[in-house]
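So the structure is just underneath, and the comments pick up after that.
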Protein chains: 2
Amino acid sequence: MTRPPHGEFGLIAALAEQFGAPPVEVRLGIGDDCAALAWPDGHCLLWTMDTLVEEVHFTFAYLTPRQLGAKSLAVNLSDIAAMGGEPRYALLSLGWPKDRPLSEALEFGRGLAEAARHYGVKVIGGDTVASPPGVVITVTVLGKVPEGEMLRRAGARPHDLIFVTGPLGEAAAGLLILQRGLALEQEVAAPLIQAHVNPRPQLAAGRLLAGSRLATALIDLSDGVASDLWHICRASGVGADLEARRLPVPPGVAAVARQLHLAPLDLALKGGEDYQLLFTSPPDREASLYQAFSQAGLGAPVRLGEIVAGAEVRLISADGDKIISGTGYNHFA
Amino acid sequence: MTRPPHGEFGLIAALAEQFGAPPVEVRLGIGDDCAALAWPDGHCLLWTMDTLVEEVHFTFAYLTPRQLGAKSLAVNLSDIAAMGGEPRYALLSLGWPKDRPLSEALEFGRGLAEAARHYGVKVIGGDTVASPPGVVITVTVLGKVPEGEMLRRAGARPHDLIFVTGPLGEAAAGLLILQRGLALEQEVAAPLIQAHVNPRPQLAAGRLLAGSRLATALIDLSDGVASDLWHICRASGVGADLEARRLPVPPGVAAVARQLHLAPLDLALKGGEDYQLLFTSPPDREASLYQAFSQAGLGAPVRLGEIVAGAEVRLISADGDKIISGTGYNHFA
């Protein structure tokens, strides 16, 4: 799998080159879910930032200001979960058009404050600016992880097993229901829409994987398994075989795909915003892994395939080998 | 002086209330130039974030992408200077329209990287997103300051003297030259345009004031003396008398004001983006202050007036007392 010649990944790589190599206390620089700095007490400080742009990442047609407030924090917390860390503090930059009521900005703040309380995060600063063409939100979060426990994209080895913490494609299916106005039974549609509107960062699973040392590499699913597994493989210098039959595609996701004449696997592999954790684990730890998740009261992780030597990410289907594209949502494509 | 009933300051206060009181290790939460966190080795971690929106905070008509890159870091570093701190690390979130060449994004990165090297800052992460209506940049910076040295907006006491580290109104005059196409001699126009295009965060002065304990309160001039002095007064529970004749208004600023039939004092008091430091200092330390700046090779700070009891910020003019409005550029006004 080659790096996309254009688009976000190429731009990030070119920018990273300009910014140069970080000093030794920077444990992780550009290219993982968070930057990580050595903290004097044996922890790493985790630092992440995400921007949501109206009509690119969200629309008020499907998301209330309050839901947007919670989601703008959640997507950052997912990056902290992807390092095995604990989120602590957040800053908010809120770009707000003059013609949108300030009462909605306060509703946004309410949703963000509720999510912050739920996840034990304190919002301690930021700024507000005018943004004539639409709402633009940037949240930056600081978290902590014991330095020896920190997980990253690099670390997967051949024969490691690949797991995901939950179902795939739900958020993408939920967004399609909203965008296309699909007619589905309420109990099918509701959890899918919930997955899009109110993503749940998998902080407990991330901490469990870091503390138990049961994972070798970890990333959160923001762009889709196809793209995010490729990130693990590229960072780890390995390839991967995914078994199509193992991908956890809920019946609701399949129903949405059927209505739109899409392949359910495409939603599962390339649908963004699942915010589940994708990780690799040594083959001899599979039983311990299920046991640890069960003891922690977490749903069992689902095994998707295996890390292999090489650099290819392959989807193994019933009708033979097939190479998946490896790129999910590309912001500039 | 009362708080503006509408606009940014009201929104920030309402949001701050929703986010609640920070825990004890948060030395400064919402309402100063940076948030500050206790760091285990006796330092405070300083954390700031600023967003620049195309056609609100800048336009490519007057600023090259490379200049914008440097400026987007500089405005954050000014916030670190305003606490007496040293900047260390930055994350960049770059919102870029698809129809703007990626080569300009790389020029932006070049300018940011150059400024980062100049000020000893490492850019260690961030993200890039599509932003159809225009360029939106958020930079967040972490810095450090010895905990006992940290300066803040609160701390000014009656009889303290008020100082500024450099001339006032230059950046506002420079922007007016660009916007109105004013005809001025090159040697008059160039430094004013430079002040707008390439602001210099006063990091050395900030560190000097913090290390020498010669200041009681400190803020950077992003909105203008009228507004920023009001912030010091509100945080410190005091008032202030500014002497109009003492305001350092360079001849070029006066020339721009004359051409546009504006009062030069208005540019000096309400022109934003000076990024000089405004601070207060005990009256018996004035000589030590000039000496310390001189020994450090820094230009002498300029005395503007005096902190007084009460809550009013007054401009003392030759024709009697006059109350200035106390609000500078208000993002939502």
Residue in region A:162-181 that is crowded, with 19+ Cβ neighbours inside 10 Å and either in contact with a Cys (Cβ under 6 Å, 6 or more places away or on another chain) or among the hydroxyl-bearing types (Ser, Thr, Tyr) (or both) present: yes
List every residue pair whose Cβ atoms lie under 6 Å apart, where the two residues are 6 or more positions apart in sequence or sit on different chains, the first residue falls within region B:100-112 and is more than 8 Å from chain A (Cβ to nearest Cβ), and the second residue, located anywhere, is open to solvent by less than 10 Å² (accessible area, probe 1.4 Å) and not in a loop (DSSP other than H, G, I, E, B). B:Phe108/B:Leu68; B:Phe108/B:Gly69; B:Gly111/B:Gly69
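Only one residue in B:Ala287, B:Ala255, B:Ala311 is more than 30 Å from B:Glu187 (Cα to Cα), outside any loop (DSSP other than H, G, I, E, B) and either among the acidic types (Asp, Glu) or over 19 Å from the mean Cα position of the chain (by Cα) (or both), so which one is that? Explain how you work it out, then say what you get.
Details: B:Ala255 fails: more than 30 Å from B:Glu187 (Cα to Cα); B:Ala311 fails: outside any loop (DSSP other than H, G, I, E, B).
Among B:Ala287, B:Ala255, B:Ala311, only B:Ala287 is more than 30 Å from B:Glu187 (Cα to Cα), outside any loop (DSSP other than H, G, I, E, B) and either among the acidic types (Asp, Glu) or over 19 Å from the mean Cα position of the chain (by Cα) (or both).
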Would you please name the residue that is farthest from B:Ala130 (Cα to Cα), looking only at residues in region A:39-73 that are part of a loop (DSSP other than H, G, I, E, B) and more than 12 Å from chain B (Cβ to nearest Cβ)? A:Thr64
Can you tell me how many residues in region B:151-172 are within 17 Å of the chain's Cα centre (by Cα) and either among the polar types (S, T, N, Q) or closer than 25 Å to A:Asp127 by Cα (or both)? 11
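Listed here are the residues, each with its yes/no results for (1) surrounded by 24 or more Cβ atoms within 10 Å (Cβ to Cβ); (2) in contact (Cβ under 8 Å) with a residue 40 or more places away in the chain.
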| residue | (1), (2) |
| --- | --- |
| B:Gly29 | no, no |
| B:Thr48 | yes, yes |
| B:Gly85 | yes, yes |
| B:Leu91 | no, yes |
| B:Lys98 | no, no |
Only one residue in A:Leu277, A:Leu315, A:Leu298, A:Leu267 is closer than 23 Å to A:Asn198 by Cα and at pLDDT below 95, so which one is that? A:Leu267
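The rows are residues; the columns are (1) at the interface with chain A (Cβ under 8 Å from one of its Cβ atoms); (2) modelled with pLDDT of 85 or more; (3) open to solvent by 50 Å² or more (accessible area, probe 1.4 Å).
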| residue | (1), (2), (3) |
| --- | --- |
| B:Met1 | no, no, yes |
| B:Phe9 | no, no, no |
| B:Leu15 | yes, yes, no |
| B:Val24 | no, no, yes |
| B:Ala35 | yes, yes, no |
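A quick yes/no check of all residues on (1) among the aliphatic types (A, V, I, L, M); (2) closer than 30 Å to B:Trp96 by Cα:
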{"site": "A:Lys122", "(1), (2)": "no, yes"}
{"site": "A:Glu147", "(1), (2)": "no, no"}
{"site": "A:Ala171", "(1), (2)": "yes, yes"}
{"site": "A:Asp228", "(1), (2)": "no, yes"}
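Which of the residues belonging to region A:223-244 are small (Gly, Ala, Ser) and either in contact with a strand residue (DSSP E or B) (Cβ under 9 Å, 6 or more places away or on another chain) or surrounded by fewer than 24 Cβ atoms within 10 Å (Cβ to Cβ) (or both)?
Hits for region A:223-244 are A:Ala226, A:Ala235, A:Ser236, A:Gly237, A:Gly239, A:Ala240, A:Ala244.
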Members of region A:117-135 found to be under 27 Å from A:Ala204 (Cβ atoms) and more than 7 Å from chain B (Cβ to nearest Cβ), listed by number: A:Arg117, A:His118, A:Tyr119, A:Gly120, A:Val121
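I'm checking my understanding of the structure. Among residues of region B:258-272 that are in a helix (DSSP H, G or I) and more than 18 Å from B:Ser317 (Cβ to Cβ), which one is most open to solvent (accessible area, probe 1.4 Å)?
Of region B:258-272, the ones in a helix (DSSP H, G or I) are B:258-259, B:264-270.
Checking the rest, the ones that are also more than 18 Å from B:Ser317 (Cβ to Cβ) come to B:258-259.
On the way: B:Arg258: 160, B:Gln259: 83 Å².
Of everything passing the filter in region B:258-272, B:Arg258 is most open to solvent (accessible area, probe 1.4 Å).
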Quick check on region B:123-142. Is at least one of its residues under 19 Å from the mean Cα position of the chain (by Cα), surrounded by 24 or more Cβ atoms within 10 Å (Cβ to Cβ) and more than 23 Å from A:Leu91 (Cα to Cα)? no
When every residue in region A:252-298 that is polar (S, T, N, Q) and touching an Asp or Glu at 6+ places or on another chain (Cβ under 8 Å) is compared, the one nearest to A:Asp220 (Cα to Cα) is A:Gln276
Could you check region A:194-220 and list, in sequence order, the residues that are among the hydrophobic types (A, V, I, L, M, F, W, C) and surrounded by fewer than 19 Cβ atoms within 10 Å (Cβ to Cβ)? A:Ala204
Can we say B:Pro158 is touching a strand residue (DSSP E or B) at 6+ places or on another chain (Cβ under 9 Å), within 14 Å of chain A (Cβ to nearest Cβ) and surrounded by fewer than 21 Cβ atoms within 10 Å (Cβ to Cβ)? no
Quick check on region B:101-112. Is at least one of its residues under 26 Å from A:Asp79 (Cα atoms), of a type in the set (D, E, K, R) and out of contact with any Pro (no Cβ under 7 Å at 6 or more places or on another chain)? no
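The values are calculated or read from the model by the stated rules, or taken from the named source; none is laboratory data. Keep in mind it's a predicted model, so treat the numbers as computed, not measured. All Cβ positions, glycine included, derive from the backbone under ideal geometry; neighbour counts span all protein chains shown. For the accessible areas, the whole protein counts, side chains as well, though only heavy atoms, and no ligand, DNA or RNA atoms are used. Shrake-Rupley method; radii C 1.70, N 1.55, O 1.52, S 1.80 Å.
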